[in-house]
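Any read-out appearing in this document is the output of simple, stated calculations on the displayed coordinates, not a laboratory observation. Every value quoted in this text rests on a predicted model; they were computed, and no experiment measured them. All Cβ positions, glycine included, derive from the backbone under ideal geometry; neighbour counts span all protein chains shown.
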Amino acid sequence: MALAAVIAIVGMAVVYQLFGMLFLEAVLYQTLKLVPALLLACLGELIAEKSGVLNLGVEGLMLMGAFMAFAVTFLTGNPLIGVIAAMGFTVVLGLVFAFFAVSLRTNQVVIGLGLWLFGLGLSDTLNRAFFTSGATATIPIIGDMHIPVLSTLPLVGRFIFQQNPIVYVSIALIPVVDFFLNRTNLGVKIRAVGENPRAAETMGVDVYKIRYIAVLIGAAFAGAGGAYYTTTLLGTFILNVTFSRGFIALALIYFGKWKPYRVLLPLIIFSFVDSLQLGLQGAGIPVKYFFLNMLPYITIVALIPILGRGAVAPAALMEPYKKGG
Amino acid sequence: MQTVARLRGVGYNALALAVGIVSGLTLVAAIGGDLRAASISLLLSPISSVYSFSEIFVRVTVLLIMGLGIALGMRAGVWNVGAEGQFIVGSVMAMYVAFHVNSIPAPILVVLMMLAGAAGGLLWMVVPALLKARFGANEIVVTLLLNLVASNFLLYALDGPIRGKASFGYLISDMLPPDLRIPKLIPATRLGFGIVIAVGLVLVFYLLSERTSFGLQVRTVGRNQEAARYAGISIPRVYMVTLLLAGAMAGLAGAIHVSGVIFTLDPGYPSGYGYIAIVVAMLGGTSVIGTAVASLVISYFVVGAEAMQSAAQVPFALVYTIEGIILFSLAAGQYLMGRRKS
């Protein structure tokens, strides 16, 4: 933690020295603004993985969520209804996934990749079929809040006190998910079927039911995360709008060692590098944009040997379970 | 008995494929595409002319070479989802050698280009393979992230090392000179000797997996890690070798594609073949012969799907959706097959 603080301060100091206060403020603001999509997907998938089901198709769910939120917001004019519709739709897709992964006990990698390709293709197909004739369709977005007084503070004002509500909600969900997994009856059951389903069943836990629930919660979260792109960041839908962030979410769970609080640090690092490179592309520095594009992904890969040490996955992750067998 | 089981497997896979195609056509109709034109072009256009027919084998060349590597990895239990990126890097490396290595007779240079492509794909896999073997990092996620890096690497290469002399500020390489292209097998088509290399590799992979101790090690690790450890097999080593080999194959496929079919690189080069190759390996049941047959079947539908896309005016992304559905139905087929067995 101390090391993280030192890295953060040094990083901020370097950016400040090179590009000045305004740039630093903009980068910090953007860093936090980019957090919710990843964080929501991450927390949801973490719950699913805790139950022993790896959903590689998070990205596909996010894409479908992004599209549904966009389409429904376009029709109703209310982004909140859009987000809820997105979550409802991804839960249905999650149900299909859970049926294959849990009831049919199929290879989770195969259907995970299948779900990703399905979402990637269908979201764009539907968008082109219904929305791209003529001008680009746009929707009202969920805007930033301006917390009185605090939002005028230097450095942290815009960064922390001038974000959209989803930012605060998603961060508040970290302790909620942690509490859910560790302190509630259902959460403990989820962890039990992810560690030792046989023992859990002996104790009278319905392994299939618990895994279905965990996958569906994960799907709802992924839908909300995807919806964030269209209803908050962009206000429109484009091909591959979530830009592989669903896969980043999978990597972040690994870095976070399957603990909700631990996910935040690698997530902020990724988000900071991502917003920094976006900022630098606009700042016109003599580094080509394709190098800057690579930066967030290379950062993630480079972090594996540092943050990935000692990561232990739930013991039954990716292990299909046969009832009573 | 085994033949019956194998035939049943083929039956289930064929059924899965049919489900995927029917769902795809349903989607075409649902979004208002011309269903009649879509069905005809999807199913019949690949056999409507010599050119279209040869196009099937143009796709087989690429998908088979990549699929062989991916299937071998799958058998050990590791997944190369990064074939798309390795394919790009392999293509760039081949072009780099073509434009920067001088005073070597053309035929030898072409061989060098192929080797450079394979080396590029292999190098692109070094990091994911090491992270998998050393830290247990999920190779699926890492190889996928490197695909995103690879498409930017292509932009970098087009901006500098392989930038065309007459590109006028566009990101495009020069055309490969005719003597550095892989010779054509059938004139007036795009089918070249790459297909011969692909068929040769089928033989190599067959011998590797069926007739060597390494092939046995791969299967043991994939089936039962406990038994593998007991038998003294180094699991990380098997992971490393299969992943690196898969990377080299994808890189080689890229080199063959660019020097046999495309002849130039631009930012639109990434093709999605790297992901389709996963479906090929899966459909083929990860066996060498199965992969070969599957590459033929999938290539048929890839050519058909491209014709369908323009005939029925549906977005290209629909092809991804169909791929996704096929993966789900293949998985369901394997469930049904498993239930028969027990």
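Would you mind giving the mean number of other chain beta-carbons within 10 Å of the Cβ of each residue in A:240-253, as a whole number?
That works out to 3 on average.
Take chain B, connect every pair of alpha-carbon atoms lying under 10 Å apart with a spring to form a Gaussian network, then pick out the residue of B:Ser167, B:Ser103, B:Ser54 with the largest mean-square fluctuation.
B:Ser103
What are the membrane-span-like helices in chain B by this rule: whole DSSP H runs, Cα extent along the axis at least 18 Å, mean Kyte-Doolittle hydropathy at least 0.5?
Numbers: long enough: B:2-30 (42 Å, 1.18); B:50-76 (39 Å, 1.53); B:83-100 (25 Å, 1.04); B:106-135 (43 Å, 1.78); B:139-159 (29 Å, 1.59); B:194-211 (25 Å, 1.93); B:235-257 (33 Å, 1.43); B:288-312 (35 Å, 1.48); B:318-341 (35 Å, 0.67).
Flagged H segments are B:2-30, B:50-76, B:83-100, B:106-135, B:139-159, B:194-211, B:235-257, B:288-312, B:318-341.
Around B:Ile276, with a cut-off of 15 angstrom between Cβ atoms, what is the net charge of the other residues, counting Lys and Arg +1 and Asp and Glu -1?
That sum, taken over residues with Cβ under 15 Å, equals -3.
Relative to 2.2 N^0.38 Å, what does the C-alpha radius of gyration of the range B:248-334 come to as a ratio? Two decimals please.
That ratio works out to 1.18.
Quick one: what do you get for the range B:124-269 if you divide its Cα Rg by 2.2 N^0.38 Å?
Compared with the compact-globule rule of thumb, the range B:124-269 sits at 1.33.
What is the fewest-to-most order of B:Tyr239, A:Tyr229, B:Tyr335, B:Tyr230 by other Cβ atoms lying within 10 Å of their Cβ? Before the final figure, lay out each step's value.
On the way: B:Tyr239 22, A:Tyr229 26, B:Tyr335 18, B:Tyr230 10.
Result, fewest neighbours first: B:Tyr230, B:Tyr335, B:Tyr239, A:Tyr229.
Helix-only mean residue ellipticity at 222 nm, chain A, DSSP H runs n ≥ 4 weighted -39,500 (n - 2.57), per residue, nearest 500. What is it?
It comes out at -23000 deg cm²/dmol, rounded to the nearest 500.
Over the Cα atoms of the range B:207-300, Rg to Rh with Kirkwood Rh, two decimal places? Could the numbers behind the result be given before it?
Details: Rg = 16.2 Å, Rh = 15.3 Å.
Radius of gyration over Kirkwood radius for the range B:207-300 works out to 1.06.
Equivalent-ellipsoid semi-axes (√(5λ), Cα gyration tensor) for the range A:6-155, whole Å, largest first?
The answer is 34, 23, 15 Å, longest axis first.
Within straight cross-link reach of B:Lys165, meaning Cα distance under 12 Å, which aspartates and glutamates are found once same-chain residues fewer than 8 apart are removed?
Within reach: B:Asp174.
Taking the number of other C-beta atoms within 10 Å as the exposure measure, put B:Trp124, B:Trp79, A:Trp258 in order starting with the fewest.
A:Trp258, B:Trp79, B:Trp124
Rg and Dmax of the range B:50-307, using alpha carbons, in Å: what are they?
18.0, 62
By its C-alpha gyration tensor, with a ≥ b ≥ c as the square roots of the eigenvalues, how is the range A:35-96 shaped: rounded for a/c under 1.5, else prolate for a/b larger than b/c, else oblate?
Prolate is the answer for the range A:35-96, as a/c is 1.5 or above and a/b outweighs b/c.
If the only charges are +1 at each Lys and Arg Cβ and -1 at each Asp and Glu Cβ, what is the size of the charge dipole of chain B around the Cα centre, to the nearest 20 debye?
Dipole magnitude for chain B comes out near 1060 debye.
Across peptide B:131-142, what mean number of C-beta atoms from other chains lies inside 10 Å of a residue's C-beta?
Mean inter-chain Cβ contacts per residue within 10 Å come to 6.
Counting only helical runs of four or more DSSP H residues, what would the 222 nm mean residue ellipticity of chain B come to if each run contributes -39,500 (n - 2.57) and the total is spread over all its residues?
It lands at -25500 deg cm²/dmol.
At 4 °C and a viscosity of 1.567 mPa s, what translational diffusion coefficient does Stokes-Einstein give for the protein assembly as shown, taking Rh as the Kirkwood radius over Cα pairs? Give it in µm²/s as a whole number. Let's see the in-between values first.
Details: Rh = 25.9 Å.
Calculated translational D: 50 µm²/s.
At a 10 Å Cβ-Cβ cut-off, how would you order A:Val193, A:Val109, fewest neighbours first? Intermediate values should be presented prior to the final figure.
Details: A:Val193 29, A:Val109 20.
Ascending Cβ contact count within 10 Å gives the list A:Val109, A:Val193.
How big is the charge dipole of the protein assembly as shown about its Cα centre, in debye rounded to the nearest 20, if each Lys and Arg gets +1 on its Cβ and each Asp and Glu gets -1 on its Cβ? Numbers along the way, then the final one.
Numbers: 39 positive and 24 negative charges, 346 e Å.
That gives a dipole near 1660 debye.
Of A:Ile139, A:Gly235, A:Ile304, which is farthest towards the positive pole of the protein assembly as shown's charge dipole, taken about the Cα centre with +1 and -1 on the beta-carbons of Lys, Arg and Asp, Glu respectively?
A:Ile304
With viscosity set to 0.692 mPa s and temperature to 37 °C, compute the Stokes-Einstein D of chain A, Rh being the Kirkwood radius across alpha carbon pairs; µm²/s, no decimals.
The Stokes-Einstein estimate is 161 µm²/s.
Past 24 Å, Cα to Cα, is the threshold; run A:Lys33/B:Lys132; A:Lys257/B:Lys132; A:Lys33/A:Lys189 against it and keep the listed order.
With Cα atoms farther than 24 Å apart: A:Lys33/B:Lys132; A:Lys33/A:Lys189.
Straight-line reach from A:Lys50: which aspartates and glutamates fall under 14 Å, measuring Cα to Cα and dropping same-chain residues less than 8 apart?
Counting by Cα, and skipping residues close in sequence, A:Lys50 has these aspartates and glutamates nearby: A:Asp178, A:Glu195, A:Glu319.
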